[in-house]
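Worksheet: one structure, shown below.
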Amino acid sequence: MADSNAERPLRKISTAFKELAVTVSSPSPEVPVAQFSHACSLVSPLFGCLGIAFKFAEMDYVAKVDDLAKASSSVSTLVVMVDKDIEANCVRKAGSHTRNLLRVKRGLDMVRALFVEIIASEGDNSLKDPASKSYAQVFAPHHGWAIRKAVALGMYALPTRSQLLTMLNEQEAEAKIEMQSYVNASAPVIAYLDNLFHSKQLGIDW
């Protein structure tokens, strides 16, 4: 049984993204880089729980969230951050805050898709299908053959559903509620980010 006094990553994630959803849904949203990067940092442990299949995603995601967190000390909002990169003509350069923001957005979308698939596969203790489907939907189109092959092999080393819940200190019923909460709350956040990139004529497929 989950210890109610121990860390509950899913609860922290759903709470943070519900707050972010409120922010992005305001009439004139101003999303603080600090609030956004903090919420995203809470997602990082999930990639670690998925084992070697998503080790590349964990390392990439954590590094890019860390970059945004550091940027928050000198940049107020996501819009200001992107505008600064546009002015400096460095949007697509490796290491730019805007490029990192796009990669973080994909990480958030990957977790959203994974939770949707896990919820839909209730009763199946294997995570291979949910993880494979969500990876194919979000990450695969942006990865070369070598990474896709490595991920496919890593899918056989995924934890089981029950093992994942143990690592997250959750029981099935509560986990489902928190996962659905993240799915619902992350949707407007991801839509906001997509709109931010499109509004600046940057696109999201790069």
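The values are calculated or read from the model by the stated rules, or taken from the named source; none is laboratory data. All values derive from a computational prediction rather than experimental measurement. With ideal geometry, Cβ positions are generated from the backbone for all residues, glycine too; neighbour counts draw on all protein chains shown. All accessible areas refer to the heavy atoms of the entire protein, side chains included, with ligands and DNA or RNA removed. Shrake-Rupley method; radii C 1.70, N 1.55, O 1.52, S 1.80 Å.
Summary table
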quantity	calculated
Residues (open to solvent by 40 Å² or more (accessible area, probe 1.4 Å) and touching a residue at least 12 places away in the same chain (Cβ under 8 Å)) located in the stretch 84-98	Lys84, Ile86, Arg92, Gly95, His97
Residue ID - farthest from the chain's Cα centre (by Cα), chosen from residues in the stretch 148-172 that are hydrophobic (A, V, I, L, M, F, W, C) and open to solvent by 70 Å² or more (accessible area, probe 1.4 Å)	Leu153
Count of the stretch 81-100 residues which are in a helix (DSSP H, G or I) and in contact with an Asp or Glu (Cβ under 9 Å, 6 or more places away or on another chain)	4
Long-range neighbours under 8 Å by Cβ, at least six apart or interchain, first residue within 18 Å of Ala150 (Cβ to Cβ) within the stretch 127-138, second in a loop (DSSP other than H, G, I, E, B) and among the aliphatic types (A, V, I, L, M)	Leu127/Leu50; Leu127/Leu158; Lys128/Leu158; Ala131/Leu50; Ala131/Leu158
Unique residue being in a helix (DSSP H, G or I) and closer than 20 Å to Phe197 by Cβ when the list is Lys64, Lys70	Lys64
The stretch 99-121 - residue that is over 16 Å from the mean Cα position of the chain (by Cα) and within 15 Å of Tyr182 (Cβ to Cβ) and, of those, surrounded by the fewest Cβ atoms within 10 Å (Cβ to Cβ)	Ala120
Test: residue in the stretch 193-206 that is under 21 Å from Val62 (Cβ atoms) and at pLDDT 95 or above	yes
Single residue of Gly95, Gly51 found to be over 20 Å from Asp194 (Cα atoms) and among the small types (Gly, Ala, Ser)	Gly51
Selection count where residues are more than 17 Å from Arg99 (Cβ to Cβ) and open to solvent by 30 Å² or more (accessible area, probe 1.4 Å), scope the stretch 67-77	3
Of all residues in the stretch 24-66 being of a type in the set (Asp, Glu) and touching a residue at least 40 places away in the same chain (Cβ under 8 Å), the one that is least open to solvent (accessible area, probe 1.4 Å)	Asp60
Top-ranked residue of the stretch 1-30 - restricted to ones that are of a type outside the set (Ser, Thr, Tyr) and touching a Phe, Trp or Tyr at 6+ places or on another chain (Cβ under 7 Å), ranked as modelled with the lowest pLDDT	Pro29
Residue list for the stretch 122-139, restricted to those being polar (S, T, N, Q) and either in a helix (DSSP H, G or I) or crowded, with 16+ Cβ neighbours inside 10 Å (or both)	Ser132, Ser134, Gln137
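Let's see how each residue does on (1) assigned to a loop (DSSP other than H, G, I, E, B); (2) more than 19 Å from Leu42 (Cβ to Cβ); (3) touching a Ser or Thr at 6+ places or on another chain (Cβ under 6 Å):
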{"residue": "Pro141", "(1), (2), (3)": "no, yes, no"}
{"residue": "Ala152", "(1), (2), (3)": "no, yes, no"}
{"residue": "Glu170", "(1), (2), (3)": "yes, no, no"}
{"residue": "Glu178", "(1), (2), (3)": "no, no, yes"}
{"residue": "Ile190", "(1), (2), (3)": "no, no, no"}
{"residue": "Phe197", "(1), (2), (3)": "no, yes, no"}
{"residue": "Gln201", "(1), (2), (3)": "yes, yes, no"}
